[in-house]
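Asker: Next up is a structure, given as structure tokens.
The values are calculated or read from the model by the stated rules, or taken from the named source; none is laboratory data. Treat the numbers as computed from the prediction; the structure is a model and nothing was measured. FYI the Cβ positions are ideal-geometry reconstructions off the backbone, even for glycines, and counts take in every protein chain you see.
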Amino acid sequence: MRRIALASVFACLLGVHPAHACDEVSDVTGYRHCTTFGFGWDESPLRPVPGSAKRNLHPVSLPLFVEAAAIMQTVDAGSVTFRDMSSDSHSFSLHNPGLGLAAVYGLDLRAGMRVAGPFYAGLTMRLAFGGLPERATAIADGARVDLGTALGMVAFGGYVGFAVPVSSGARLRFEAAIGFEDPGLLAISGITCSESPCGPDSPRAFVEPHVVMDFWLGRSWSVSPFAGDDVLHPSSVTVGFMTSWHWQRFDGRP
Amino acid sequence: MVCLTLGCGPALPYRPGFLLEEPVVQPGKPLGAAAVRRVGCLDVRMALACSAAVPADFPLVAFTLGNRCDASVAVDFTRLRITGQMGGAVGDAPFTLLLFDPAHEVHTALLGSRATAREVLEYDVSPREATHRISEVCIDLGGFAEGSEQEAPVCLTRPAHACSS
């Protein structure tokens, strides 16, 4: 039911009109007035027929896909400068290499489309939470600010990549995600930051190449373990497990 | 009936072998008017058909395809080799039938994983007046789809006045 609803929404957005707007006189190729050969084949690229303006030339579907992934990302909290205002408006700055490496766990939501051949592109966002190995504290105007131990990560960006079939049931994807991420401290004890979470001055950029292995569960679903490493912050490694729904079977390219 | 059973839509996945299990003899149809064959990933059902839009003498072949694989399959109807046999002319060599495609719309198409498709095509001979004498339509599926192997053509028997009511 969800797929039907999604398909309906896409169909409305893309202006795909139902074929029954035209009264067909025959199902024999060469005599059809409303549709052309290959209509209804689910993936068949429909070609314009010279001199036949009445034929429905809309594609049946597009190689769009949406993905959700459970991820684990390492964050070098010791390299981040957390800076904000405390509850009494005293600014603080925390840069403590002793915070070390932390892990956050969360969700990636992605939407993409095969653009041409094996190449695809899309948008991605990440929301993840984790804990610091030790409490983070800062001094603001002589007062101790306790930032607690909870770490959050919010990221937005885009990605481009290409897919290489491995077998009829699997393919490899190589992609690069580019965007901005905002690691911040949560569950602040004793202070309230002007922004929540209490993050760095501005989001930091990330460039994260990924290797994704897709296993097809069927014509429209795949599951994919993947891994990536941020080249701008090499200690930031991501591993995850993704589930994808493909509007066009196999994205139209097995 | 096949179309209704299959759903003829992208929502229902094709069950491998379904078309091959369909009876090739149907009520009201002559023996040999339909045949099934497996071609690589495809299950193919071929049956002589009639259409009110087409003169009764011109042979129509309805192709129903089911993709049994989890990958798309390229299907090329233009590579089918169709031959005919004239009725009442024992010993005559078979002659080539030509696809009727006035708009040049038949092209290599992609059938999705576990998808189905149906196309009805007309095959003619020159001169066109000779079409009413075609008693047998033979279809060589070599090159039709990936994985096609060289096999004996499938022959469909076409009785005289097959589409006359």
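Asker: Which residue out of B:Thr96, B:Thr64 is modelled with pLDDT under 90 and of a type in the set (Ser, Thr, Tyr)?
Answerer: From the options B:Thr96, B:Thr64, the qualifying one is B:Thr96.
Asker: Can you name the residue in the range A:35-46 that is at pLDDT below 80 and more than 29 Å from the chain's Cα centre (by Cα) and is also surrounded by the most Cβ atoms within 10 Å (Cβ to Cβ) among such residues?
Answerer: That would be A:Trp41.
Asker: Would a scan of the range B:145-165 turn up a residue that is under 14 Å from the mean Cα position of the chain (by Cα), among the polar types (S, T, N, Q) and at pLDDT 85 or above?
Answerer: Yes, there is a match, as at least one residue in the range B:145-165 is under 14 Å from the mean Cα position of the chain (by Cα), among the polar types (S, T, N, Q) and at pLDDT 85 or above.
Asker: Filter the range B:1-36 down to the residues that are in contact with a helix residue (DSSP H, G or I) (Cβ under 8 Å, 6 or more places away or on another chain), over 19 Å from A:Trp41 (Cβ atoms) and modelled with pLDDT of 85 or more and list them by number.
Answerer: B:Val36 - this is the single residue of the range B:1-36 that is in contact with a helix residue (DSSP H, G or I) (Cβ under 8 Å, 6 or more places away or on another chain), over 19 Å from A:Trp41 (Cβ atoms) and modelled with pLDDT of 85 or more.
Asker: Picking from B:Pro59, B:Pro102, which residue would you name as being on the phi < 0 side of the Ramachandran plot and free of Cβ contacts under 8 Å to residues at least 24 places away in the same chain?
Answerer: From the options B:Pro59, B:Pro102, the qualifying one is B:Pro102.
Asker: Whether any residue in the range A:120-127 is out of contact with any Pro (no Cβ under 9 Å at 6 or more places or on another chain), at pLDDT below 80, polar (S, T, N, Q) and in a strand (DSSP E or B) is what I want to check.
Answerer: No, every residue in the range A:120-127 fails to be out of contact with any Pro (no Cβ under 9 Å at 6 or more places or on another chain), at pLDDT below 80, polar (S, T, N, Q) and in a strand (DSSP E or B).
Asker: Would you mind finding the one in A:Asp84, A:Asp108 that is out of contact with any Leu (no Cβ under 7 Å at 6 or more places or on another chain), assigned to a strand (DSSP E or B) and modelled with pLDDT under 80?
Answerer: Only one candidate qualifies: A:Asp84.
Asker: Hey, any hits in the range B:67-87 for a residue that's more than 21 Å from B:Leu110 (Cα to Cα), modelled with pLDDT under 85 and of a type outside the set (Asp, Glu)?
Answerer: yes
Asker: Residues B:Ser148, B:Ser113: which one is hydroxyl-bearing (Ser, Thr, Tyr), closer than 30 Å to A:Ser222 by Cβ, buried (at least 16 other Cβ atoms within 10 Å of the Cβ) and more than 11 Å from every other protein chain (Cβ to nearest Cβ)?
Answerer: After applying the criteria, what remains is B:Ser148.
Residue-wise test of (1) in contact with an Asp or Glu (Cβ under 7 Å, 6 or more places away or on another chain); (2) within 14 Å of chain A (Cβ to nearest Cβ); (3) surrounded by 16 or more Cβ atoms within 10 Å (Cβ to Cβ); (4) over 30 Å from B:Arg15 (Cα atoms).
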position: B:Phe100; (1), (2), (3), (4): yes, yes, yes, yes
position: B:Glu105; (1), (2), (3), (4): no, yes, yes, no
position: B:Arg118; (1), (2), (3), (4): no, yes, yes, no
position: B:Val137; (1), (2), (3), (4): no, no, yes, no
position: B:Pro153; (1), (2), (3), (4): yes, no, yes, no
position: B:Thr157; (1), (2), (3), (4): yes, no, yes, no
position: B:His161; (1), (2), (3), (4): no, no, no, yes
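Asker: So, one more: Do you know which residues across the range A:87-105 are over 24 Å from the mean Cα position of the chain (by Cα), at pLDDT 80 or above and buried (at least 21 other Cβ atoms within 10 Å of the Cβ)?
Answerer: Within the range A:87-105, just A:Leu99 meets the criteria.
Asker: Filter the range B:68-92 for residues that are buried (at least 18 other Cβ atoms within 10 Å of the Cβ) and farther than 19 Å from B:Val154 by Cα and give the result.
Answerer: B:Arg68, B:Cys69, B:Asp70, B:Ala71, B:Ser72, B:Val73, listed by residue number.
Asker: Also, quick follow-up: Determine, yes or no, whether A:Phe250 is in a strand (DSSP E or B) and either within 16 Å of the chain's Cα centre (by Cα) or modelled with pLDDT under 90 (or both).
Answerer: The answer is no for A:Phe250.
Asker: Tally up the residues in the range A:60-81 that are at pLDDT 90 or above and of a type in the set (Gly, Ala, Ser), please.
Answerer: Residues flagged as at pLDDT 90 or above and of a type in the set (Gly, Ala, Ser) within the range A:60-81 amount to 3.
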